C-alpha cells in the first residue's frame, strides 16, 4: 500500500511540475503580430515589452556594417486586415504597394547578427524584439518570407 501511495505522490509531483513549466513558458513566448501604426500608438510602458511586428522590407534601407555584426533596415506597414490584403490583389501586391507608398508608416529595425539570405527588397519580415527609447525597433529575431515564393496569408494581427 505504501508503494502505491509513493507512486501516486511522485506522479502528482511530476504532473504539477510539467503544468508549471507549460504555464510559465507560455507567458514568456506569447507574441502578437502588430502593425507599425499600432506600435506607434502604444504608450511607452507597453512598448518596452516583447513585441512582434510584420512589415515589408524597404530594400534601399538595408545596411550591414563592415564588421558584419549590426544590420539595419526599414519596415513599411502592410495591411493588418486579411480582407485589405485580398482587396489589394494578394500579399505580393499589398507589399509592392506599401513599399512604393511614401506615406505608409515605417519603422527602423536594428539587429545584432549576420544578414539573412532572404533579406531583400519587398520581402515580408516578421521581427521580434523591443522598441528603443530612440524610436527604433531592436530585433532579437528576424523571420523572412518572399511573397513571390510563398503564397501564404498575412499573419494574424493583434486585436486591440
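Quick notes on this structure:
- Residue 68 modelled with pLDDT under 90, surrounded by 15 or more Cβ atoms within 10 Å (Cβ to Cβ) and part of a loop (DSSP other than H, G, I, E, B): no
- For the range 136-154, the condition of being at pLDDT 90 or above and part of a loop (DSSP other than H, G, I, E, B) holds for at least one residue.
- Residue count, the range 23-56 (criterion: in a helix (DSSP H, G or I) and either modelled with pLDDT of 80 or more or over 24 Å from residue 126 (Cβ atoms) (or both)): 8
- Qualifying residue in the range 114-125 (condition: touching a strand residue (DSSP E or B) at 6+ places or on another chain (Cβ under 8 Å), part of a strand (DSSP E or B) and either modelled with pLDDT under 90 or exposed (fewer than 15 other Cβ atoms within 10 Å of the Cβ) (or both)): no
The values are calculated or read from the model by the stated rules, or taken from the named source; none is laboratory data. Because the structure is a prediction, the values reported are computed rather than measured. Note that each Cβ is placed from the backbone with ideal geometry, even for glycine, and that neighbours are counted across all protein chains shown.
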